[in-house]
Amino acid sequence: KVASAQLIAQKCPGLSCFKLNVDGSALGKSGMAGGGGIIRDHEENVVAGFYHTYGKTTNKIVEMRVLHDGLLLCKREGFYDIVIESDSKVVVDWIHKKRCDHWYLWDY
């Protein structure tokens, strides 16, 4: 059974809002991994972007690491009112619950 898709995107509500879009991927169960993201302002203009390779790791770990790196970039650039977009169920659940159920991801 295939789950139905849901639109969970959100527009930035104000002039000081930024949107962080992140995505990561690993080849196979424990293969070479990389990810990145972009930061857009309230008018959808790209204001920053990043990409990292993470060596051999899993999809769950790379999704959390790329979110972590994106948030660090937002902090460094002084962007604090942030809407996060990710296609990772682990990341989305973690944000909604305000806790991570996977002990090996707690560092992120």
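The values are calculated or read from the model by the stated rules, or taken from the named source; none is laboratory data. Keep in mind that what you see is a predicted model, and the values were worked out from it rather than measured. Because the Cβ atoms are built from the backbone with ideal geometry, glycine has one as well, and the counts that use them run over all protein chains shown. Accessible surface is based on the protein model in full, side chains and every heavy atom, while ligands, DNA and RNA are left aside. Shrake-Rupley method; radii C 1.70, N 1.55, O 1.52, S 1.80 Å.
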Any chance you could count how many residues in the stretch 21-68 are under 15 Å from S88 (Cα atoms) and open to solvent by less than 30 Å² (accessible area, probe 1.4 Å)? 13
Filter result (open to solvent by less than 80 Å² (accessible area, probe 1.4 Å) and in contact (Cβ under 8 Å) with a residue 12 or more places away in the chain) within the stretch 94-108: W94, C100, H102, L105, Y108
For the list (1) assigned to a loop (DSSP other than H, G, I, E, B); (2) modelled with pLDDT under 90, I need the number of the one condition that H96 fails. (1)
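Might you let me know whether the stretch 41-63 holds any residue that is within 19 Å of K19 (Cβ to Cβ) and in a helix (DSSP H, G or I)? Quick ask: steps written out before the conclusion?
Taking the stretch 41-63 and keeping what is within 19 Å of K19 (Cβ to Cβ), we get 41-51, 63.
Applying the additional criterion that residues be in a helix (DSSP H, G or I) yields 63.
Scanning the stretch 41-63 turns up at least one residue that is within 19 Å of K19 (Cβ to Cβ) and in a helix (DSSP H, G or I).
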Residues within the stretch 71-93 that are within 11 Å of the chain's Cα centre (by Cα), more than 19 Å from E43 (Cα to Cα) and open to solvent by less than 80 Å² (accessible area, probe 1.4 Å), tallied: 6
